[in-house]
Every structure is written in structure tokens, then in C-alpha cells.
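Notes to accompany the following structure.
The values are calculated or read from the model by the stated rules, or taken from the named source; none is laboratory data. Because the structure is a prediction, the values reported are computed rather than measured. Cβ placement follows ideal geometry from the backbone for every residue including glycine, while neighbour counts extend to all protein chains displayed.
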Amino acid sequence: MKVTSGAPDTRVDSVELGRAGESLPVLQPTLGSAMIDVRGLHKGSGRYTFDPGLTNTGVCRSAITYVDGEKGILLYRGYPIDTLVEHCDYLDVAWLLLNGELPTAVQKERFVTDITYHTMVHEQIHVIFRGFRRDAHPMAVMCGVVGALSAFYHEDLDIFDATHRKNATHRLIAKMPTIAAMAHKYALGQPFAYPRNDASYAHNFLHMMFSVPCEKYEPPAAAVRALNAILIVQADHEQNASTFTVRSVGSSRANPYAAIAAGIASLWGPLHGGANEGVLQTLDEIGTVDRIPEILRRAKDKNDPYRLMGFGHRVYKTYDPRAKVLREFCYEVLDAYGKRDDPFLKMAMELERIALEDDYFMERKLYPNVDFYSGIILRTIGFPLPMFTPQFAVARTVGWAAHWNEMVADPEMKIVRPRQLYIGSPERSFVPVGERIGHEPLVG
Ligand code: CMC
């Protein structure tokens, strides 16, 4: 077993706890805020920290992705996201996220061969698909099928074997578009499209989504370019809910297919990857340009919980760098499909224009987010709404895999086991059933 941390040395400072001689170390990152290392806190003080949502807590060292929400910076392994979109395809970025450096020409060629070698799924997986209802949400299908992959590779699941880890990583990246496209085809009742290994990652995904055996299919070049850009900007976003889920499940040494199936489940939530469906639902709800002022009034009304989906971000308080990149591709795709004048998309563009000039949105730094533009692009290319989050899962798989590999190689890796602030009953005596006083059930 070979494990290396890959983490740079951190300069260690310290903070006083208030009592003479007691202090906690402070860890210095290469970028971003320093962190107080509280691992010795309980030993020294008998206290734990309380941080629901872990909003103030660093859970690991990571060298993969850096986000600065104030400045609108997103770096993969130190490279700005827009530079990567301009110069790379998705598999260049996948290699970078997994290995820390951009690939040489030889490494890239080998990687493409390794990935395309694994693009098909076992024919028995077709049988698993047939067990689902045709109207199942594709994310439900993906959770099940990706989890089931571990049943097909059970001889290859030693997480401390570097070859097993590499095989699982390649299989997951290669098979995820195949599985997502199969979920779409299954819902339509069309035959599954086998992968095209001569096509790029984005091109092949479009082929499996939209081709039928009786017709020649060639996606517009603008669609391939835009999907490649979407896949890159969605590939990683440091410790978001689904990535932390993958780390958390993986920390028990569960196999990577199980960990990533859990990541897919987490991504499905409407506060995470599921938000991209909400953007299009909002646009559908607005319907026509003349209803924009009314919808904006609702979004700004303090007494109305309504929010304009596709605007604002928890981390980015300036223009989301991912949205900035996708905006250009959005216009390119609309032109390629001759849809600049499509009433629905015209309305979306008008909403963007009006919101960007509105005082309420400007004061609160609410900009269109990544979901706003990816949603419009995907809709223009022909992705149905339920396939938006599965497409996101395809892109994020490499981020999950990079974090899982980093975690397994991390000598500080521990099973995730947080503490709680217990607010239940103190110890009490058992009451026989005839003497119990009825109470409102909490769950039922
Ligand atoms: N529409 C109207 N008002 C908004 C919106 C919005 N979309 N977003 C924030 N605000 C207002 C909010 O009411 C508050 O106003 P005030 O200061 O007067 O009380 C102020 O802006 C700050 O909002 P917040 O709730 O403190 O901001 P947050 O950082 O907690 O929320 C958010 C971030 C993404 C949950 C929120 O902006 C939102 O609900 N947006 C719509 C949903 C959406 O598009 N989500 C996709 C996010 S991008 C994908 C990803 O990376 O996960």
C-alpha cells in the first residue's frame, strides 16, 4: 500500500485560548483564510466546537480546487476556469484534477485510450434498467445503477490498491455519460445508443443522448463546444455537499461506486444540483416578456418567499466565474440553433438584462449564476428538464473521484464521525405501557 498526502507543508502559527500556556495551532493555506486547528481543543478544554452545516469548518487539506467567492475566482489545480475552458477539452481537465498537472501529449493519448476502453456497460446492466418504471426520474435510476456497478467489479475493490483505484476512477468517468444517456433513452422507450469511442467526451455524450439507429447523427459543433465548457465548469467546486458526501461515505472505506452513488443522491437535492431544474421552471412560469416586471416585484417583496431561480449564490458575491464563461457559449449556441428569436429564450435574455440593471439585484450582488446559462444551453441543445441534474452528475464525477483518491491517500484520513450537542432527556426510568401518558408523535 502506497499512500502520499500530496499536501504542501503548512506554516503553523497559534492562537491563545485565554488560559496561560494554552493555545491552538493555526494552519496556513497557500490561498484563502487560515484555519484554527481544533483537534486538540477537547483534550485541553473539555469542549467541542458547534458548527451546523460545517460552514466555518475545514474538513480536510485539499490541493484540487480553490474558490474565492468575493473576487469571483475559481481555480482547478491553480489554473483559472476560463483559461481551462479556452484551451482544454474535458478529459484534459479530468486528468488535471486527478493528477495535479495538465497531461503531456503522450499522457493524454493514453488517458483517452483508458477512458474509451471502459465506455460500455456490462450487458446485464441493460436488464437492471428494465426493472425501473419508464417514468422514473433519471437521477433515481442513476443512484441505483451507479451503486450497482460495485456488484460488477467486486474483485477490484481494494481501496488501498492503486491499480484498483485507477480502474474504478476510469470506469466511473467513462461509464457515467453512458448510464445517464441510457436513463434518458429508457424514459423515451428508444433503444440504448452504444458509445462512439472515436468522438470526444462531449460529442459522445450527445451521440448517446440524441442518436437513433435509423438515422445518421452529427451534433452541431457549437453544441459540442458548449457541452465541453459546461462539463469543465461543473467538474469540481471543492467541498460542496455532494463532494463532502463522497468523502464522508468513502471515509468508512466503502468502495468508490457506493461513495459516488451517494454523491449522486446528494447532488439531486433542490438546494444543490437539483437547482438547475428550478431555473427552467421559473422561466416557464414567467412565460412571456411582459410578465418579467411582475415576477421581479414578487422576487423583491420581503413578504413573499419567492426567489428568482438562477440568480444569486451562497459563495459568489460577484459574477460567478462559471456563469461568465457559459454566457458566451449560450449566445453561440442560440445562434447555431437559430434560436436568438425563440420567444422563450428571448424572454430569458430579457430577464437577465433587466435584473442586471435592477437596484435590488445590484445592491445585493445577485448575478445570474451558472445554472441560469447552463439551463438555457441544455434546453437549446435538446436536453429535457429531468436530464439537467444527471448531466451535472456526469460532469462532477471526476471531481468526486479526484477528492476520493486524495482522501484515500491522505495520512490524516479518519472515518467521518462528528459530535452533537445533545438536547434530549437525561437518563430516566422505564414506564410500563399502562402507565404512559399519550404524547404527540414526532414522526408518527
Ligand atoms: N431572488 C430574490 N432575492 C434574492 C435571491 C433571488 N434569487 N437570492 C438572494 N436574494 C436576496 C435575499 O432575499 C436577501 O435579501 P435581504 O438582504 O434584503 O434579506 C439577499 O439577497 C441575500 O440573500 P441570502 O439568502 O442571504 O443569500 P444566500 O447566499 O444565503 O443564498 C442562494 C444564496 C443561491 C440560496 C440564493 O441566492 C437563491 O436562493 N438563489 C436562487 C436559487 C438558485 O439559483 N440556486 C442555484 C445556485 S448556483 C448552483 C450551485 O453552485 O450550487
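From the residues in the stretch 361-373 that are part of a helix (DSSP H, G or I) and more than 9 Å from the ligand (Cβ to nearest atom), which one is nearest to the chain's Cα centre (by Cα)?
Filtering the stretch 361-373 for residues that are part of a helix (DSSP H, G or I) and more than 9 Å from the ligand (Cβ to nearest atom), the one nearest to the chain's Cα centre (by Cα) comes out as 373.
Which of the residues belonging to the stretch 178-212 are free of Cβ contacts under 8 Å to residues at least 40 places away in the same chain, under 16 Å from residue 132 (Cβ atoms) and hydrophobic (A, V, I, L, M, F, W, C)?
Across the stretch 178-212, the qualifying residues are 181, 188.
So, in the stretch 241-285, of the ones that are at pLDDT below 95 and farther than 20 Å from residue 138 by Cβ, which residue ends up farthest from the ligand (Cβ to nearest atom)?
285
When the stretch 298-319 is examined, which residues are found to be in a loop (DSSP other than H, G, I, E, B), surrounded by 20 or more Cβ atoms within 10 Å (Cβ to Cβ) and in contact (Cβ under 8 Å) with a residue 60 or more places away in the chain?
First pass over the stretch 298-319, keeping only residues in a loop (DSSP other than H, G, I, E, B): 301-310, 312-319.
Narrowing further to those that are surrounded by 20 or more Cβ atoms within 10 Å (Cβ to Cβ): 308-310, 313, 316.
Once the filter is applied, which keeps residues that are in a loop (DSSP other than H, G, I, E, B), surrounded by 20 or more Cβ atoms within 10 Å (Cβ to Cβ) and in contact (Cβ under 8 Å) with a residue 60 or more places away in the chain, the stretch 298-319 yields 309, 310, 313, 316.
Filter the stretch 296-307 down to residues that are modelled with pLDDT of 90 or more and within 16 Å of residue 366 (Cα to Cα) and give me whichever is nearest to the ligand (Cβ to nearest atom).
Going through the stretch 296-307, the residues modelled with pLDDT of 90 or more turn out to be 296-304.
Among the residues that remain, those that are also within 16 Å of residue 366 (Cα to Cα) are: 296-302.
Working: 296: 9, 297: 11, 298: 9, 299: 4, 300: 7, 301: 9, 302: 7 Å.
Here the answer is 299.
Does the stretch 259-277 contain at least one residue that is more than 16 Å from the chain's Cα centre (by Cα) and not small (Gly, Ala, Ser)?
no
Among the helices (runs of 4 or more DSSP H) confined wholly to the stretch 76-131, which include 1 or more residues that are surrounded by fewer than 14 Cβ atoms within 10 Å (Cβ to Cβ)? If you could, list the steps in order and put the result at the bottom.
Numbers: elements: 81-87, 90-99, 105-117, 123-130.
Fully inside the stretch 76-131 and qualifying: 81-87, 105-117, 123-130.
Working only within the stretch 35-48, note down all residues that are assigned to a loop (DSSP other than H, G, I, E, B) and surrounded by 13 or more Cβ atoms within 10 Å (Cβ to Cβ).
Selection gives 37, 48.
Any residue in the stretch 121-148 that's more than 25 Å from residue 277 (Cβ to Cβ): show its pairings with residues that are of a type in the set (Gly, Ala, Ser) and buried (at least 16 other Cβ atoms within 10 Å of the Cβ) at Cβ separation under 8 Å, as long as the two are six or more apart or on different chains.
125/148
When residues of the stretch 404-444 are filtered for being in contact (Cβ under 8 Å) with a residue 60 or more places away in the chain and farther than 25 Å from residue 245 by Cβ, how many remain?
0
Residues in the stretch 308-323: is at least one more than 16 Å from the ligand (Cβ to nearest atom), aromatic (Phe, Trp, Tyr) and out of contact with any strand residue (DSSP E or B) (no Cβ under 7 Å at 6 or more places or on another chain)?
Looking through the stretch 308-323, none of the residues is more than 16 Å from the ligand (Cβ to nearest atom), aromatic (Phe, Trp, Tyr) and out of contact with any strand residue (DSSP E or B) (no Cβ under 7 Å at 6 or more places or on another chain).
Would you mind telling me which numbered condition in (1) among the small types (Gly, Ala, Ser); (2) closer than 12 Å to residue 380 by Cα; (3) under 24 Å from the mean Cα position of the chain (by Cα) residue 336 fails?
(3)
Return the residues of the stretch 47-95 that are touching a helix residue (DSSP H, G or I) at 6+ places or on another chain (Cβ under 8 Å), under 30 Å from residue 22 (Cβ atoms) and polar (S, T, N, Q); say none if nothing qualifies.
Scanning the stretch 47-95 gives 49, 62.
From the list 226, 241, 193, 221, which residue is surrounded by fewer than 20 Cβ atoms within 10 Å (Cβ to Cβ), within 26 Å of residue 109 (Cβ to Cβ) and not acidic (Asp, Glu)?
Just a single option satisfies the conditions, and that option is 221.
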